[in-house]
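Heads up: the structure comes next, in structure tokens.
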């Protein structure tokens, strides 16, 4: 498959996703929308494997790695600080207005998400550390 | 320090020279060693150091050793 065809296919998938989203909202079908996103991403991924031209190489991998790490750091810190602020608001009760309870619930959920992110990161980290040779027996 | 530079020195390369000697475009070389043209450009400009595997592929393509193409210049201070 040519790179151009792949981009064309991506466009078609995006249009289909928008259509399915509209249909899901109209008919109140959240599961259809969730499934459509998963199928769409899988289709895009499989199509990318079929592209003959070289689109991904070691340099693009490095760029993706660095961008992902920076995103994780920036978003982790942002969400964590926001969640902490929200929890402080929740401790104050009604001092910060009538929505304190909702803010508290959202902040705890956010905090849980951040910790989940850290756990997933740690798991991947140990997986790759083992994959790339750390933790083996030393010869000496 | 440049993010791509190694502490105590810097990698330089002669890919452009070897390309000219073999009458190859960046696109040709990229296709033959299995990377994108942007990667060849980035290596030539010294913005990206290739992996050992890619360095070997390039050296084999030009039928020279890695040291003929890539030079490590130490900082003398």
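Each value in this text was obtained by applying a stated rule to the coordinates, not by laboratory testing. This one's a predicted model, so the numbers in the text were calculated from it and none came from an experiment. Because the Cβ atoms are built from the backbone with ideal geometry, glycine has one as well, and the counts that use them run over all protein chains shown.
Structure data summary
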{"quantity": "Rounded tilt (10° steps) of B:52-61 against the dominant C-alpha axis of chain B", "calculated": "50"}
{"quantity": "Prolate/oblate/rounded call for the range A:8-48, Cα gyration tensor, a/c under 1.5 rounded", "calculated": "oblate"}
{"quantity": "Calculated [θ] (222 nm, deg cm²/dmol) that DSSP helices of n ≥ 4 give over chain A, each run adding -39,500 (n - 2.57)", "calculated": "-28500 deg cm²/dmol"}
{"quantity": "Least to most buried among B:74, A:58 (fewest other Cβ within 10 Å first)", "calculated": "B:74, A:58"}
{"quantity": "Kirkwood Rh, Cα atoms: Rg over Rh of the protein assembly as shown", "calculated": "1.11"}
{"quantity": "Peptide B:31-41, shielding by other chains (average Cβ, 10 Å cutoff)", "calculated": "3"}
{"quantity": "Gaussian network model of chain A, springs between alpha carbon atoms under 10 Å - residue of A:105, A:130, A:48 with greatest fluctuation", "calculated": "A:130"}
{"quantity": "Label point at residue B:21 placed 7 Å out along Cα→Cβ; residues across the range B:40-72 whose backbone nitrogen lies under 14 Å", "calculated": "B:58-71"}
{"quantity": "Nearest-0.05 FRET efficiency for residue A:62 and residue A:106, computed from C-beta distance (R0 30 Å)", "calculated": "0.25"}
{"quantity": "Residue order, fewest to most beta carbons within 10 Å, for A:12, A:51", "calculated": "A:12, A:51"}
{"quantity": "Averaged over A:56-64, number of beta-carbon atoms from partner chains that fall within 10 Å", "calculated": "5"}
